[in-house]
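Engineer: Before we start, here is the structure in question, set down as structure tokens.
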């Protein structure tokens with residue numbers, strides 16, 4: 001959990017993932033061959049026994065966030081979103097850029113008409129207030145183009161983990177664990193960049209890898225509340241590893257899906273599937289790049305995805321970890 | 001006194017808009033550092049008295065903050081209501097603290113963008129649809145939290161730049177700070193024949209309830225109220241707000257005493273203290289509305305400090321404005337010797 005905390009509280013929007021990659025490199029150095037491709041993906045190859053097929057695991061290092069695009073005369077920052085962020089989660093949130101903090105400003109409720117109160121402003125109509133006194137000061141201290149993040153948060157309560165960027169530092173954490181526990185067979189682990197901007201990292205990584213079987217380790221969406229435990233919740237916290245058969249980006253390999261559920265059952269690992277076709281991940285790129293690959297995805301369910309604080313269940317994390325390891329011992333032979 | 005340190009201390013306290021004596025228990029130790037001459041009123045307000053002269057003035061600030069209340073506990077979640085003007089728009093994915101038997105952290109549920117249906121995009125959720133996720137089992141949660149417990153925004157106090165700070169409940173801990181600053185400064189130069197009651201009142205956000213009774217019947221010759229006002233920002237009408245750093249905002253309203261407002265104005269001018277005029281056509285939305293009509297009428301003046309993001313998770317102020325308000329109030333109260 002300590003390492004997960006370090007990963008979640010480190011900052012790395014798409015394309016600016018050096019902080020995350022340096023934590024990963026430190027953790028895995030000496031355990032595998034490490035290389036970085038031209039696009040910025042970190043590729044770790046672990047040598048074990050040979051197997052017929054090339055097996056690659058993927059987890060993405062980037063998180064959703066913002067880039068400052070402009071300042072007005074008073075020094076208020078305009079910004080663009082990096083990745084899919086619903087503007088409803090932005091008003092009043094504290095953000096950070098380096099050691100600077102700022103807040104997404106709101107017009108006081110007292111001054112709003114009834115209809116304005118019910119309306120969520122679009123991101124492009126919002127601004128970040130870093131407390132600058134004017135444009136000149138702002139541009140000097142935090143230039144246009146600076147990356148901005150949700151404020152780092154990480155704590156545990158009961159079985160739940162509350163943190164920034166669980167998507168997909170939780171997948172990264174699982175891959176580091178797999179590398180440390182020395183897989184039985186040759187395995188390639190790809191820490192991909194730029195998933196949130198449209199899986200570009202996975203696309204460029206998959207090109208050179210000649211993957212036969214790709215397994216994506218992710219953090220996936222849940223809308224579970226006490227009022228919604230059924231279909232519209234998509235996944236349940238505490239429901240076990242999410243094994244995907246279909247989402248908006250990918251039709252997963254049916255044999256791998258069947259094998260994964262079999263491995264889960266055999267090893268007593270709790271598992272679930274998505275009850276709605278929703279979301280997408282690096283699998284869509286891995287499946288279709290170069291000569292293509294068979295893909296599977298194992299995910300940890302999380303509420304509040306792509307917001308300041310997402311929430312996952314510790315037991316689901318361990319379920320995905322166990323499944324990912326057990327699956328790796330039986331595929332591609 | 002280090003005013004920033006005191007402000008940070010005041011802002012760190014959870015003082016929800018609620019009855020009971022928990023708020024008094026939390027706030028009293030801070031005020032006791034500066035005086036022992038303290039009374040607690042039946043309405044849960046605190047009055048610190050300076051001097052025993054017959055000419056008594058009331059200096060008022062409210063200590064309560066906008067807050068929520070637990071209405072239901074369901075598995076690891078609580079549901080809340082917002083009866084006191086807190087900003088519901090900031091809730092999705094915000095961190096709150098439930099003041100139960102222990103402080104329990106929670107994060108408000110938000111619908112992930114992947115699952116938003118088009119009918120919900122662009123619409124503020126209803127507070128009744130907000131679930132606060134605590135992570136605790138229902139049994140543990142119910143042993144710590146009851147329906148009716150207050151819920152506050154999680155605390156923060158950040159220095160953004162040399163003069164600007166981001167914090168919760170600046171509305172109206174800034175007023176509480178001003179009370180303490182004046183209490184300290186006037187105690188070493190108390191004008192003869194005067195005395196001052198500094199009231200830290202409860203339940204302003206629930207409709208000025210504390211100010212109606214705090215110090216009732218003491219025969220004040222005048223009152224000065226400290227509160228906050230809207231600071232300029234994009235989307236905030238410039239005629240309804242004051243720029244940050246523009247100094248103390250002096251209230252002008254039919255319900256305030258014109259002669260006191262003018263006195264504030266001339267005192268500011270005479271002493272080179274930056275100020276603006278905040279003109280209101282009637283109610284000021286502050287304790288002044290309650291105090292000015294008490295006991296057959298108490299001449300009342302209002303000094304406000306502009307803050308941004310009022311009633312949200314993170315309010316923002318400029319320390320120069322606080323210092324201007326403190327200096328103006330000091331000159332105004334001491335200038336009567």
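Engineer: For the stretch B:18-76, which fully contained strands (runs of 3 or more DSSP E) count at least 2 residues that are under 17 Å from residue B:100 (Cβ atoms)?
Structural biologist: Correct list: B:68-74.
Engineer: Give the residue, chosen from B:178, B:186, B:166, that is more than 19 Å from residue B:13 (Cα to Cα) and buried (at least 20 other Cβ atoms within 10 Å of the Cβ).
Structural biologist: One residue alone meets the criteria, B:186.
Engineer: To continue, here is another question. When the stretch B:77-86 is examined, which residues are found to be facing another protein chain (nearest Cβ under 9 Å) and either modelled with pLDDT of 95 or more or part of a strand (DSSP E or B) (or both)?
Structural biologist: Listed by number, the residues that qualify are B:77, B:79.
Engineer: Just give me the residues in the stretch B:41-54 being in contact with a strand residue (DSSP E or B) (Cβ under 6 Å, 6 or more places away or on another chain) and buried (at least 16 other Cβ atoms within 10 Å of the Cβ), in sequence order.
Structural biologist: B:45, B:46, B:47, B:48, B:49, B:50, B:51
Engineer: Continuing with this model, one more query. Can you report the number of residues in the stretch B:163-192 which are more than 19 Å from residue B:326 (Cα to Cα) and in a loop (DSSP other than H, G, I, E, B)?
Structural biologist: Within the stretch B:163-192, residues that are more than 19 Å from residue B:326 (Cα to Cα) and in a loop (DSSP other than H, G, I, E, B) number 2.
Engineer: Okay, next question. Keeping to the stretch A:63-83, report how many residues are assigned to a strand (DSSP E or B) and touching a helix residue (DSSP H, G or I) at 6+ places or on another chain (Cβ under 6 Å).
Structural biologist: The qualifying residues number 2.
Engineer: Restricting to the stretch B:134-163, name every residue that is crowded, with 22+ Cβ neighbours inside 10 Å, over 16 Å from residue B:90 (Cα atoms) and within 11 Å of chain A (Cβ to nearest Cβ).
Structural biologist: B:134, B:135, B:136, B:141
Engineer: Here's a follow-up. Just to verify a result, which residue in the stretch B:256-274, among those that are farther than 19 Å from residue B:222 by Cα and surrounded by fewer than 21 Cβ atoms within 10 Å (Cβ to Cβ), is farthest from the chain's Cα centre (by Cα)?
Structural biologist: Ranking the qualifying residues of the stretch B:256-274, first place goes to B:270.
Engineer: Of everything in the stretch A:111-130, what is surrounded by fewer than 23 Cβ atoms within 10 Å (Cβ to Cβ), facing chain B (nearest Cβ under 7 Å) and not in a loop (DSSP other than H, G, I, E, B)? Give them in sequence order.
Structural biologist: A:111, A:117, A:118, A:119, listed by residue number.
Engineer: Name the residue that is surrounded by the most Cβ atoms within 10 Å (Cβ to Cβ), counting only residues in the stretch B:103-124 that are at the interface with another protein chain (Cβ under 7 Å from one of its Cβ atoms) and within 28 Å of the chain's Cα centre (by Cα).
Structural biologist: Among them, the one singled out is B:107.
Residue by residue, here is whether (1) within 11 Å of another protein chain (Cβ to nearest Cβ); (2) on the phi > 0 side of the Ramachandran plot; (3) outside any helix (DSSP H, G or I) holds:
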position	(1), (2), (3)
A:132	yes, no, yes
A:137	yes, no, no
A:140	no, no, no
A:152	no, no, yes
A:155	yes, no, yes
A:168	no, no, no
A:171	no, no, no
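Engineer: Now, a different point. Here is a list: A:265, A:255. Which entry is away from every other protein chain (no Cβ under 14 Å), surrounded by fewer than 22 Cβ atoms within 10 Å (Cβ to Cβ), more than 15 Å from the chain's Cα centre (by Cα) and without any contact (Cβ under 8 Å) to a residue 12 or more places away in the chain?
Structural biologist: Checking each option against the conditions leaves just A:265.
The values are calculated or read from the model by the stated rules, or taken from the named source; none is laboratory data. As the structure is a prediction and not an experimental result, all values here were calculated from the model. Note that we place each Cβ from the backbone using ideal geometry, even for glycine, and neighbour counts take in every protein chain shown.
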